[in-house]
Amino acid sequence: MADSPDVAGAAGEQETVELLLTVRGTHAEREDVKALLTWLRNAPALSEAWRVGDLRLDDVDLQEGPPEPADTLAGEIVQAVLLAVAMKGADVIIESAWQSALTWLRNRRRLVVDEEEAPDVAFVDQQHGPDSGLSRDSARDAVPEEPLEPGGEDRARGGDDHGEA
């Protein structure tokens, strides 16, 4: 039983995917990264991954700016979030984290009062780069500006996502 991959994975080091999550296009990137980190740590969609240890979030400082496109000064120390996700559930966890980040981004965009601000977020696969299937970028990938309100489009269903049986 000790040779089981599940037992070895739980007791030993798990292979992980590391994604660098950056916030750009705001006048308060450092504060926005802290807010996004808090948002992700409290996201219900990620609670199971947290519980079983398949997700780790670390606050990191980068010596260089975030991956392009970037609206920060070159050489500036930029704060970012490193997501370390266990390989066994990487796709599902990353997608849940991305959807949580997009929700945070939509909320953050509602707070923009300066026309020069254009908040964006990006996940970059640290091993395979921005063109990896795991990387995401709100500047490249369509982000709906307004999520449906509860009871939005389909008021008969009350806005929930449960289908009829």
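What to note about this one:
- Rg over Rh, two decimals, the stretch 72-133 (C-alpha only, Kirkwood Rh): 1.02
- A probe of 1.4 angstrom, applied to the heavy atoms of all protein chains, finds Arg109 with accessible area near 50 square angstrom.
- Rounded to the nearest 10 Å², the accessible area of Thr16 at probe 1.4 Å: 60 Å²
- Cut-off 12 Å between beta-carbons: net charge of the residues surrounding Leu55, Lys and Arg +1, Asp and Glu -1: 0
The values are calculated or read from the model by the stated rules, or taken from the named source; none is laboratory data. Since the model is a prediction, treat every value here as computed from it, not as a measurement. A quick note on method: Cβ atoms are made from the backbone with ideal geometry, for glycine too, and the neighbour counts reach across all protein chains shown. Just so you know, the surface numbers come from the protein's heavy atoms only, side chains and all, with ligands and any DNA or RNA stripped out. Shrake-Rupley method; radii C 1.70, N 1.55, O 1.52, S 1.80 Å.
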